[in-house]
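Values in this text are rule-based calculations from the coordinates and carry no lab data. Quick caveat: nothing in here was measured; it's all calculated off a predicted structure. Every residue, glycine as well, gets a Cβ built from its backbone with ideal geometry; the counts of neighbours run over all protein chains shown.
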Amino acid sequence: MVTKTNTLKRIITPEQLFMISVLAVNAGNYFYNLILGRILGPEQFADAAVLVTFLLVFSFMAMTFQLVTAKFSVIFESNQFLSFVFNAYKNAIIVGITLGILVVVFAKQLQELFNTSSSNMFVIFGCGIPLYFLISVNRGVYQGKKAFKPLSITYQAEMLSRLLITIGLLYLFNIQSSIVIAIGILVSLGFGLMPFKFKIQPLKKHTVLSTDINKQIRNFFIITAFYELTQIIINNSDILLVKHYFESYDAGLYASLALIGRVVYFIAWMFVMLLLPTVVQLKKEGKATAPVLFKYVGYVSVIASIIVLGCFIFPKTIITLLFGEGYIAMAALLWKYALATGLFAISNIFAYYYLSLDRYIPVIISGVFGVLQMGLIILFHSSLAEVVIMQIIAMILLLLVQFVFFFLDNNKD
């Protein structure tokens with residue numbers, strides 16, 4: 001038995017084990033959303049989609065801390081590393097508490113803006129925001145050090161607890177669904193902190209980082225924050241704008257479309273998690289980094305093509321199996337939304353690659369086209385089909401520009 005276990009460890013690398021774990025987490029999160037869609041129906045699911053989208057928005061904000069921590073966890077060692085992580089936790093707590101207070105204070109205004117049934121769901125959600133930023137620094141340390149086992153555990157703990165608690169409360173108690181979902185998110189963020197092994201106490205006499213190092217960290221943080229903002233705009237603005245412009249029923253239908261179509265993005269995300277520390281390490285060792293980019297672009301392109309083709313051939317079957325007959329009206333748009341998401345996922349690999357190399361022009365390019373996408377939806381939203389077409393146009397242009405930049409930059413080098 002021991003021999004078989006050792007053989008399995010040799011066959012499956014830590015990176016592959018992490019990818020399997022990420023697939024399991026994404027599958028669990030998908031199941032969570034699918035169950036909510038089936039239990040609640042389109043109108044109530046629209047409120048649930050707002051909360052889930054808010055969770056994604058703040059996860060992108062917190063991802064800034066995770067990526068910065070991951071990168072400099074590769075670069076820094078010993079006391080310098082401890083000092084950096086100490087400061088990262090401190091700043092994450094400050095930012096998390098500030099944003100949490102803002103969400104709680106403006107809960108009523110958020111309810112009116114997104115036409116939700118309750119403002120209390122934003123109050124509960126706001127209480128969990130500081131936890132998310134702590135989680136992200138914790139995950140950044142594991143990601144940078146390639147400690148994939150504890151990194152996998154923290155994602156699995158968050159996903160499983162949210163799934164079980166939310167579904168359990170919905171079945172056991174007669175509580176407003178939006179409140180239940182908010183409670184599930186809040187409690188799951190507590191579980192997401194596990195495992196948390198970083199010792200703060202010995203850092204009272206931590207090493208003071210030099211001005212140059214602090215400047216390097218600050219510059220990378222700013223550009224990463226900017227890029228994560230573009231991720232928020234491209235990946236989540238459509239759902240929030242649809243919730244604002246359309247009735248709850250249509251918004252709920254669109255949320256189901258977005259959930260199915262974004263599967264390619266969530267799969268691509270696991271490659272991004274592996275890409276950043278790998279590219280930083282190769283750069284540190286003076287080795288070529290482009291082959292890693294080609295490998296991950298190839299993976300994501302193949303996956304995206306398969307998903308788009310499946311959505312084109314079997315749209316009604318996919319929607320009926322996942323959400324039920326009540327959402328069948330979105331069948332004709334499914335492959336188009338999947339295409340927009342696939343294009344974005346591929347361009348995303350380019351942006352994170354250059355971000356890892358401290359090259360920021362592709363990040364700015366993503367920001368420009370993120371604003372373009374949002375502007376197109378604001379101007380053209382006479383139907384849900386038009387909203388999807390605007391995203392396809394923006395993402396085709398984004399990917400073309402990213403390709404052109406890469407080849408021009410590569411030829412120059």
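Couple of notes before you dig in:
- Inter-label distance for Phe312 and Leu408, nm, one decimal - labels placed 7 Å from Cα along Cα-to-Cβ: 3.0 nm
- Modelled spin labels at Gln109 and Val371, positioned 7 Å past Cα toward Cβ, are 2.2 nm from each other.
- The chain: relative contact order in percent, alpha carbon pairs under 8 Å with at least 6 residues between: 20 percent
- Residue-span extension gain [Ser382 to Arg218] - 0.36 nm each, minus C-alpha spacing: 54.8 nm
- Computed from label points 7 Å out along Cα-Cβ, the spacing between Thr320 and Leu164 is 3.5 nm.
- Backbone geometry of segment 178-191 corresponds, through the Karplus equation with coefficients 6.51, -1.76 and 1.60 at θ = phi - 60°, to 3J(HN,Hα) couplings of 5, 5, 4, 5, 4, 5, x, 5, 4, 5, 5, 5, x, 5 Hz, x marking Gly and Pro.
- If you wrap the tightest convex hull around every Cα atom of segment 12-209 and split its volume per residue, you get 118 Å³.
- Shape call, segment 63-174: gyration tensor on alpha carbons, a/c limit 1.5: oblate
- Relative to its Kirkwood radius, the Cα radius of gyration of segment 219-280 gives an Rg/Rh of 1.11.
- ³J(HN,Hα) computed for each position of segment 371-381 - Karplus, 6.51 cos²θ - 1.76 cosθ + 1.60, integer Hz, glycine/proline x: 5, 4, 4, 4, x, 4, 5, 4, 7, 10, 9
- Trypsin sites (Lys or Arg not before Pro), loop per DSSP, at most 11 other Cβ atoms within 10 Å - longest free stretch of the chain: 1-196
- Gained length - Tyr245 relative to Tyr30, 0.36 nm times residue gap less alpha-carbon distance: 74.8 nm
- Considering helices alone, the calculated mean residue ellipticity of the chain at 222 nm is -29500 deg cm²/dmol, with DSSP H runs of length four and up weighted by -39500 (n - 2.57) and normalised per residue.
- HN-Hα J in Hz across segment 257-266 - Karplus 6.51, -1.76, 1.60, θ = phi - 60°, x for Gly and Pro: 4, 5, 5, 5, x, 8, 4, 5, 5, 5
- Note: relative contact order over segment 233-406, using C-alpha pairs below 8 Å and six or more positions apart, is 29 percent.
- Longest to shortest principal axis, alpha-carbon extents of the chain, angstrom: 56, 53, 51
- Angstrom value of the Kirkwood radius, inverse mean 1/r, which spans all Cα pairs in segment 233-406: 16.8 Å
- Long pairs among Lys145/Lys316; Lys90/Lys283; Lys215/Lys287; Lys90/Lys149, criterion Cα-Cα beyond 32 Å: Lys145/Lys316
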